[in-house]
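Comments concern the structure below.
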Amino acid sequence: MRHFNLKKDDYILSFWVQGVSVFVTDIHREAYKKLEALFIIDHGMFKQYFTKKAFERALNTGLEFYSDEKAFDNYQRDLSDFCDKFEIFFEHNIKRQSTLSEENVLKFFEYTKTLCGDYTLMNFESTDRAFAEQEKNSVLKKNLVKAAKFKDKVRTLMNTVLFEYDGYSSRFFQILGKQFDFSLSMFENMTQGEILDLFRGIKPDEAKISKRQEAFAESFDAEEPFEGEDAEIILKEFRDEYTDNDIIKGQIASQGKAIGKVKIIPVDYGDLGRIGAEIHAMEQGDILVAETTAPELIMACKKAGAIVTDIGGLMSHAAIVSRELGIPCIVGTKIATKILKDGDMVEVDANTGIVKIISK
């Protein structure tokens with residue numbers, strides 16, 4: 001058993017969703033190193049933590065970045081160019097190939113890590129302090145408006161690269177699967193290092209890989225992932241306990257008040273089709289409750305009388321869309337999807353940041 005000292009009090013929970021693969025987790029471990037990230041998979045639930053010190057640094061760095069008159073324009077130009085280059089690389093060096101060289105596998109990893117890492121400048125850890133200060137600084141306000149529009153473009157490409165059924169990673173794994181006689185589901189829960197080992201004739205332990213969605217953890221400063229008993233110790237330390245509560249509090253992202261029936265839409269990146277089915281079942285005026293919201297939930301947002309999320313900041317997708325639609329929104333409640341159930345009647349008071357259960 002390995003010795004480690006990971007304490008929940010040192011971290012802030014920044015994101016959680018269902019159905020994130022070990023491969024995506026491994027990519028993010030490197031992409032998010034500057035945020036001193038810890039990633040956990042606990043029976044299919046993916047959780048992303050930052051150290052509190054790194055989170056505070058990111059807030060200040062983001063404020064400085066968005067206060068610069070030219071920094072965001074340069075970033076947007078460079079990242080747009082990079083996205084175009086990534087698409088060209090994938091089209092010619094991955095998609096059209098029947099086998100892949102180790103060199104192109106490495107390049108695919110680097111492109112993906114750079115995309116995910118650069119995107120962090122539009123996440124809440126980089127934008128929340130800037131958003132809070134924007135009324136004092138016209139440059140901040142202008143840059144945040146640009147970021148709100150640009151964010152969805154990059155996030156859409158990230159979804160295509162990492163999560164879509166016929167996206168980049170899916171095609172990448174299909175080719176490697178035939179090349180090395182390995183199943184797609186195995187690749188999804190392998191690390192970059194294990195994939196590269198295949199080129200040296202080293203195959204990973206399939207039994208161990210098949211259990212990773214039950215208990216798995218990766219830290220920015222650990223060379224190897226935590227699995228089995230080691231992972232269980234970390235999971236136990238970082239699990240949250242929730243007590244039933246008629247009042248839920250969060251951060252005000254868009255003011256207003258609404259009363260309606262709860263519709264919970266799980267964000268499951270292992271089954272994006274499930275999101276579509278849940279949105280279809282949603283009725284106009286329902287209160288959308290989700291762990292987080294992303295571009296794939298836009299139709300649900302348009303149906304919603306209000307939006308409530310567990311995770312997210314003032315420049316999260318839910319916050320941006322709710323302000324555009326003029327509907328109440330409360331983000332960062334941490335517990336809304338744990339406490340609320342489909343059909344609960346609630347009052348969302350986004351003037352005070354409180355969600356109150358009227359009846360269950």
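The values are calculated or read from the model by the stated rules, or taken from the named source; none is laboratory data. Everything numeric in this text was worked out from a predicted model, so none of it was measured. Note that we place each Cβ from the backbone using ideal geometry, even for glycine, and neighbour counts take in every protein chain shown.
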Checking I320 against (1) over 26 Å from V145 (Cα atoms); (2) modelled with pLDDT under 95; (3) crowded, with 17+ Cβ neighbours inside 10 Å, the condition it does not meet: (1)
Residue selected from segment 174-201 under the condition of a type in the set (S, T, N, Q) and in contact (Cβ under 8 Å) with a residue 60 or more places away in the chain, by the criterion surrounded by the fewest Cβ atoms within 10 Å (Cβ to Cβ): Q179
Number of positions in segment 147-173 that are in a helix (DSSP H, G or I) and either out of contact with any helix residue (DSSP H, G or I) (no Cβ under 8 Å at 6 or more places or on another chain) or loosely packed, with under 15 Cβ neighbours inside 10 Å (or both): 2
Residue check for C83: assigned by TED's automatic domain parsing to the domain that holds L144 and either within 20 Å of F187 (Cβ to Cβ) or not in a helix (DSSP H, G or I) (or both): no
Test: residue in segment 152-162 that is without any contact (Cβ under 8 Å) to a residue 12 or more places away in the chain and touching a Leu at 6+ places or on another chain (Cβ under 6 Å): no
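Each row is one residue, and each column tells you yes or no for (1) within 19 Å of E224 (Cβ to Cβ); (2) touching a Ser or Thr at 6+ places or on another chain (Cβ under 7 Å); (3) crowded, with 19+ Cβ neighbours inside 10 Å.
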residue	(1), (2), (3)
D9	no, no, no
V17	no, yes, yes
S21	yes, no, yes
R29	yes, no, yes
K33	yes, no, no
A37	yes, no, yes
I41	yes, yes, yes
Residue count, segment 101-118 (criterion: under 18 Å from the mean Cα position of the chain (by Cα) and loosely packed, with under 14 Cβ neighbours inside 10 Å): 0
Test for I264: is it crowded, with 23+ Cβ neighbours inside 10 Å and either at pLDDT 95 or above or among the aliphatic types (A, V, I, L, M) (or both): no
Where a residue in segment 334-355 is outside any strand (DSSP E or B) and its partner, wherever it lies, is among the aromatic types (F, W, Y) and at pLDDT below 95, with Cβ under 7 Å and at least six apart: I335/Y242; K338/Y242; I339/Y242
Filtered residue count, segment 88-101, keeping only those that are in a helix (DSSP H, G or I) and touching a residue at least 60 places away in the same chain (Cβ under 8 Å): 3
Inter-residue pairs, beta-carbon under 7 Å, first farther than 16 Å from G167 by Cβ and in segment 265-281, second in a strand (DSSP E or B), 6+ apart: I265/L288; I265/A290; P266/Q18; V267/V17; V267/Q18; V267/A290; R274/D268
Complete set of residues in segment 124-150 that are among the polar types (S, T, N, Q) and either touching a residue at least 60 places away in the same chain (Cβ under 8 Å) or in contact with a Lys or Arg (Cβ under 9 Å, 6 or more places away or on another chain) (or both): S126, T127, Q134, N137, N143
Count of segment 64-100 residues which are farther than 25 Å from T127 by Cα, surrounded by fewer than 19 Cβ atoms within 10 Å (Cβ to Cβ) and in contact with a Lys or Arg (Cβ under 9 Å, 6 or more places away or on another chain): 5
Looking only at segment 47-68, and only at residues there that are touching a residue at least 40 places away in the same chain (Cβ under 8 Å) and among the hydrophobic types (A, V, I, L, M, F, W, C), the one that is farthest from K334 (Cα to Cα): F65
Residues being under 13 Å from the mean Cα position of the chain (by Cα) and outside any strand (DSSP E or B) - total across segment 285-317: 12
Scope segment 202-212; condition surrounded by fewer than 17 Cβ atoms within 10 Å (Cβ to Cβ) and either of a type in the set (A, V, I, L, M, F, W, C) or in contact with a His (Cβ under 7 Å, 6 or more places away or on another chain) (or both); matching residues: I202, A207
